[in-house]
Amino acid sequence: MLIEQIHEPADLRKLNIKQLRQLCGELRAEIINVVSEHGGHLASNLGAVELTVAIHYVFDTPVDKLVFDVGHQSYAHKLLTGRYQDFHTLRQKGGISGFPQQDESEYDAFTAGHASTAISAALGMARTRDIMRGDNEVVAVVGDGALTGGMCYEALNDAGQSNTRMIVVLNDNDMSIAPNVGALSRYLTRLRQSKGYIAVKHGVRDRLEKHPKFGEPLYRALSKFRNKIRSLFVDDKFFSALGFKYIGPVDGHDLRHLIRVLRRAKGEDKPQLIHVVTQKGRGYQPAEDHPVTFHGVAPFYLESGSRKQEGEMASGKVVASQLADMADNDIRICAITAAMPMGTGMDVFQKAHPDRFFDVGIAEEHAVTMAAGMASQGLKPYVAIYSTFLQRAYDQIMVDVCRNGLPVTFLIDRAGLVGEDGETHQGAFDLSFLRSIPGMVVAAPRDVRDLKKLVEISQDYSGPMAIRYPKGCEDMGPGIQSQQRFSIGQWELLSDGRDVMIFAVGRMVPMAMQAAIELMGKGISAGVVDARFIAPMDKNLLLRKAAGVRLVVTVEENVLAGGFGEGVLDVLATGNIGIPVLTLGLPNRFIAQATVAEQTAECALDAMSIAQRIHRRLSEIEEAQR
């Protein structure tokens with residue numbers, strides 16, 4: 001197999017066009033096989049195979065810098081840059097990351113995780129080259145979905161007006177995580193669907209290539225007129241107005257032509273945008289037929305494409321279904337998401353109330369401020385965004401929503417540990433940055449029943465509120481459920497304890513309850529409080545239950561810095577409660593990829609580890625008192 005002979009891109013450049021095409025097939029097969037076993041981003045990676053091969057064939061990486069936006073298109077890149085032997089560890093603990101990582105390979109020029117960043121990073125690299133009097137090329141590969149994010153336009157505008165030498169490759173597959181929305185998507189569609197131009201160009205080239213003696217010189221001569229010919233079919237004024245030389249649209253699966261176009265672009269002295277049209281999911285029929293479903297997938301059967309295991313109850317689907325029911329009788333309720341209708345479950349709401357559902361694309365800042373505008377005029381907007389992506393809209397949450405005290409509810413999916421997506425996707429910081437904002441109610445349900453109650457309460461709450469929850473929600477059953485409808489800021493005592501009181505948040509509540517059972521076996525009486533509201537806190541219950549025990553413990557699925565535990569410490573200190581406190585949470589570092597269970601154990605937040613840490617702290621207290 002050719003793929004086994006490729007240890008670095010230099011090996012790729014020894015192959016002829018027939019071998020390169022064979023290699024593309026082998027790359028696709030390897031990607032499909034590994035993703036079917038471990039899950040990952042499939043459809044977008046399959047669509048970018050020829051493009052990646054052509055880039056590494058033409059450019060001298062890693063001297064020439066290749067920057068991927070997000071990383072959903074980087075699997076073939078990893079296979080071509082010395083990681084074939086380890087590719088089977090993709091997204092596993094200690095294995096190959098699903099995204100470009102600078103500390104993983106010198107060929108990963110920039111660590112990627114969030115969309116719309118590649119052009120900015122590439123421009124920074126190009127300007128550094130110019131300052132240092134270098135001569136290397138800088139190439140940014142950007143998906144069409146990324147162009148729904150405003151940061152791309154800031155970078156395009158800056159790069160174009162500065163006339164800095166760089167290449168932007170727009171991989172246009174008409175499908176990001178969800179169908180693209182907005183005016184830009186329609187513009188790209190017009191470019192993409194200029195089939196007359198593409199057909200003429202391919203037809204002329206194919207016929208001339210059959211006569212190599214005179215065909216190639218004639219084709220080169222005709223190419224000089226390509227801009228005039230293209231202008232009859234393609235309106236490229238948008239990118240040209242930004243200062244970029246527009247090239248395209250180019251068939252992203254025509255390897256020979258891709259190489260020719262990239263070679264011509266190499267060495268140009270002004271910024272260029274190469275518009276490449278690809279097919280998402282190419283080479284695997286289920287992914288071609290259902291590109292959204294196969295964007296990010298769990299392990300699946302190769303023959304059918306069906307999942308190997310049924311997933312846990314999706315929190316987002318639960319929330320969206322309840323929200324849709326509430327909206328049946330409340331015209332104020334609307335839902336907003338940022339290019340993630342299926343990921344957040346809001347496609348359920350979209351089907352029920354299409355006129356009150358808004359997908360704004362990869363534009364979290366815009367989503368939040370638009371919600372603020374809606375709320376200012378009497379609507380009740382719900383903004384559904386992953387925790388890691390909500391970080392991008394911190395200023396808009398603070399100034400546009402909370403400063404104005406507007407009734408916007410944030411539905412924060414993928415909160416806490418998220419597993420195989422790794423460092424850039426952990427929802428580990430939202431409690432810290434949200435609880436510090438004046439007027440913001442921050443809540444975390446312990447299970448699906450609690451989640452439904454919080455969504456119900458939010459309907460009548462007249463201020464900003466955030467409900468954070470993991471991807472999958474357990475149902476702890478009716479046995480421990482309070483029969484009363486709780487109010488904003490109210491905690492719940494689940495069990496009492498003489499020695500220890502554990503105040504737990506969200507998914508850590510069942511862990512705390514199991515830890516209390518473990519401690520019981522050691523003769524330690526530990527009580528558990530569900531501290532479902534991180535802001536405002538139930539100070540009365542906290543001070544009352546903290547008094548008289550030997551140790552107060554806080555447990556949260558958030559970094560300790562600025563988190564729930566620090567809030568508890570502040571309340572106890574203000575109340576002059578001089579009791580030892582043990583704060584347990586995520587370490588203040590970026591947590592690497594693994595399963596959620598592996599990450600929980602690594603952070604010592606599983607039930608057994610919690611019990612052991614409490615027992616050890618009690619022993620230290622006893623030793624100090626002797």
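The values are calculated or read from the model by the stated rules, or taken from the named source; none is laboratory data. Note that this is a predicted model, so its numbers are computed, not measured. Positions of Cβ are generated from backbone atoms using ideal geometry, with glycine treated the same way; all protein chains shown enter the neighbour counts. The protein model used for the area step is the full one, side chains on, heavy atoms only, and it has no ligands, DNA or RNA in it. Shrake-Rupley method; radii C 1.70, N 1.55, O 1.52, S 1.80 Å.
Taking the options Ala592, Ala535, name whichever one is among the small types (Gly, Ala, Ser), modelled with pLDDT under 95 and out of contact with any His (no Cβ under 8 Å at 6 or more places or on another chain).
Numbers: Ala535 fails: modelled with pLDDT under 95.
Only one candidate qualifies: Ala592.
Identify all residues within the stretch 349-393 that are β-branched (Val, Ile, Thr) and crowded, with 24+ Cβ neighbours inside 10 Å; write none if there are none. Give the steps one after another, and end with the answer.
Within the stretch 349-393, the first condition is being β-branched (Val, Ile, Thr), and the residues that meet it are 360, 362, 368-369, 383, 385, 388.
Result: Ile362, Val368, Val383, Ile385.
Which condition does Tyr246 not pass, out of (1) within 30 Å of Ile32 (Cα to Cα); (2) crowded, with 19+ Cβ neighbours inside 10 Å; (3) not small (Gly, Ala, Ser), if it passes all the others?
(1)
Identify, please: which residue in the stretch 577-626 is within 30 Å of Thr424 (Cβ to Cβ) and of a type in the set (Gly, Ala, Ser) and is, among those, surrounded by the fewest Cβ atoms within 10 Å (Cβ to Cβ)?
Ala597
Kindly check whether there is at least one residue in the stretch 471-483 that is part of a strand (DSSP E or B) and modelled with pLDDT under 95. Reasoning before the result, please.
Going residue by residue through the stretch 471-483, those that are part of a strand (DSSP E or B) are 472.
Now restrict to residues that are modelled with pLDDT under 95: 472.
Yes, there is a match, as at least one residue in the stretch 471-483 is part of a strand (DSSP E or B) and modelled with pLDDT under 95.
Going residue by residue through the stretch 255-266, is there one that turns out to be at pLDDT below 90, farther than 24 Å from Asn157 by Cβ and open to solvent by less than 20 Å² (accessible area, probe 1.4 Å)? Steps first, please.
Initial filter on the stretch 255-266 (at pLDDT below 90): none.
No, the stretch 255-266 contains no residue that is at pLDDT below 90, farther than 24 Å from Asn157 by Cβ and open to solvent by less than 20 Å² (accessible area, probe 1.4 Å).
Can you pull out every residue in the stretch 518-537 that is in contact (Cβ under 8 Å) with a residue 24 or more places away in the chain, open to solvent by 10 Å² or more (accessible area, probe 1.4 Å) and part of a helix (DSSP H, G or I)?
If the condition is that a residue be in contact (Cβ under 8 Å) with a residue 24 or more places away in the chain, open to solvent by 10 Å² or more (accessible area, probe 1.4 Å) and part of a helix (DSSP H, G or I), then Glu518 is the only one that fits.
Which of (1) part of a loop (DSSP other than H, G, I, E, B); (2) open to solvent by less than 40 Å² (accessible area, probe 1.4 Å) is the odd one out, the single condition Gly94 does not satisfy?
(2)
Can you work out which of the residues in the stretch 423-451 that are of a type in the set (D, E, K, R) and surrounded by fewer than 21 Cβ atoms within 10 Å (Cβ to Cβ) is farthest from Gln102 (Cα to Cα)? Quick ask: steps written out before the conclusion?
First, pick out the residues of the stretch 423-451 that are of a type in the set (D, E, K, R): 423, 430, 435, 446-447, 449-450.
With surrounded by fewer than 21 Cβ atoms within 10 Å (Cβ to Cβ) added as a condition, the list becomes 423, 449.
Working: Glu423: 13, Arg449: 42 Å.
Per the stated criteria, the residue is Arg449.
Of all residues in the stretch 273-324, count the ones that are open to solvent by 70 Å² or more (accessible area, probe 1.4 Å), under 30 Å from Pro354 (Cβ atoms), part of a loop (DSSP other than H, G, I, E, B) and not hydrophobic (A, V, I, L, M, F, W, C).
Residues in the stretch 273-324 being open to solvent by 70 Å² or more (accessible area, probe 1.4 Å), under 30 Å from Pro354 (Cβ atoms), part of a loop (DSSP other than H, G, I, E, B) and not hydrophobic (A, V, I, L, M, F, W, C): 4 in total.
Name every residue in the stretch 20-36 that is in contact with a strand residue (DSSP E or B) (Cβ under 9 Å, 6 or more places away or on another chain) and either under 20 Å from Leu66 (Cβ atoms) or surrounded by fewer than 24 Cβ atoms within 10 Å (Cβ to Cβ) (or both), in order of residue number.
First, the residues of the stretch 20-36 that are in contact with a strand residue (DSSP E or B) (Cβ under 9 Å, 6 or more places away or on another chain): 31, 34-36.
Passing the criteria: Ile31, Val34, Ser36.
Under the condition of being small (Gly, Ala, Ser) and within 21 Å of Ala372 (Cα to Cα), which residue from the stretch 310-340 is farthest from the chain's Cα centre (by Cα)? Talk me through it step by step, then tell me what you get.
Restricting attention to the stretch 310-340, the residues satisfying the condition of being small (Gly, Ala, Ser) are 311, 314-316, 320-321, 324, 327, 335, 338-339.
The next check asks that each one be within 21 Å of Ala372 (Cα to Cα); those that pass are 320, 324, 327, 335, 338-339.
Details: Ala320: 20, Ala324: 25, Ala327: 28, Ala335: 20, Ala338: 11, Ala339: 11 Å.
Across the stretch 310-340, the extreme among qualifying residues is Ala327.
Can you say whether Gln92 is touching a residue at least 24 places away in the same chain (Cβ under 8 Å) and of a type in the set (S, T, N, Q), as far as the supplied structure shows? Outline the logic, then answer.
Details: touching a residue at least 24 places away in the same chain (Cβ under 8 Å): yes; of a type in the set (S, T, N, Q): yes.
Yes.
Could we say that Asp460 is out of contact with any Phe, Trp or Tyr (no Cβ under 7 Å at 6 or more places or on another chain) and without any contact (Cβ under 8 Å) to a residue 12 or more places away in the chain here? Break it down stepwise before answering.
Working: out of contact with any Phe, Trp or Tyr (no Cβ under 7 Å at 6 or more places or on another chain): yes; without any contact (Cβ under 8 Å) to a residue 12 or more places away in the chain: yes.
So Asp460 passes the test.
Out of the stretch 142-168, which residues are modelled with pLDDT under 95, crowded, with 24+ Cβ neighbours inside 10 Å and not in a helix (DSSP H, G or I)?
Those that are modelled with pLDDT under 95, crowded, with 24+ Cβ neighbours inside 10 Å and not in a helix (DSSP H, G or I): Val142, Gly143, Gly149.
Taking into account only those residues within the stretch 226-242 that are at pLDDT 50 or above and farther than 10 Å from Leu273 by Cα, which is least open to solvent (accessible area, probe 1.4 Å)?
If we filter the stretch 226-242 for residues that are at pLDDT 50 or above, which is where we start, we get 234-242.
Pick out the ones that are also farther than 10 Å from Leu273 by Cα and you get 234-238, 241-242.
Values: Val234: 11, Asp235: 67, Asp236: 30, Lys237: 145, Phe238: 74, Ala241: 88, Leu242: 40 Å².
Going through the qualifying residues, I end up with Val234.
Would you confirm whether or not the stretch 549-571 contains a residue that is within 20 Å of Ala611 (Cα to Cα), open to solvent by less than 10 Å² (accessible area, probe 1.4 Å), without any contact (Cβ under 8 Å) to a residue 40 or more places away in the chain and aliphatic (A, V, I, L, M)?
Looking through the stretch 549-571, none of the residues is within 20 Å of Ala611 (Cα to Cα), open to solvent by less than 10 Å² (accessible area, probe 1.4 Å), without any contact (Cβ under 8 Å) to a residue 40 or more places away in the chain and aliphatic (A, V, I, L, M).
At least 1 residues that are of a type in the set (Val, Ile, Thr) in each: list the helices (runs of 4 or more DSSP H) lying fully within the stretch 333-452 that qualify. Show your work before the answer.
Working: elements: 347-352, 364-376, 387-390, 430-435.
So the answer is 347-352, 364-376, 387-390.
Find the residue count for the stretch 453-467, including only residues that are farther than 15 Å from Ile412 by Cβ, not in a loop (DSSP other than H, G, I, E, B) and not basic (Lys, Arg). Quick ask: steps written out before the conclusion?
First, the residues of the stretch 453-467 that are farther than 15 Å from Ile412 by Cβ: 453, 456-457, 459-463.
Next cut, not in a loop (DSSP other than H, G, I, E, B) only: 453, 456-457.
If we keep only those that are not basic (Lys, Arg) too, we end up with 456-457.
Adding up the residues that qualify gives 2.
Going by the structure shown, is Ser458 surrounded by fewer than 18 Cβ atoms within 10 Å (Cβ to Cβ), within 33 Å of the chain's Cα centre (by Cα) and over 21 Å from Val568 (Cα atoms)? Show your work before the answer.
Values: surrounded by fewer than 18 Cβ atoms within 10 Å (Cβ to Cβ): no; within 33 Å of the chain's Cα centre (by Cα): yes; over 21 Å from Val568 (Cα atoms): yes.
Against the criterion (surrounded by fewer than 18 Cβ atoms within 10 Å (Cβ to Cβ), within 33 Å of the chain's Cα centre (by Cα) and over 21 Å from Val568 (Cα atoms)), Ser458 does not qualify.
Tally up the residues in the stretch 495-512 that are touching a Ser or Thr at 6+ places or on another chain (Cβ under 9 Å) and either farther than 23 Å from Gly427 by Cα or surrounded by fewer than 20 Cβ atoms within 10 Å (Cβ to Cβ) (or both), please.
5
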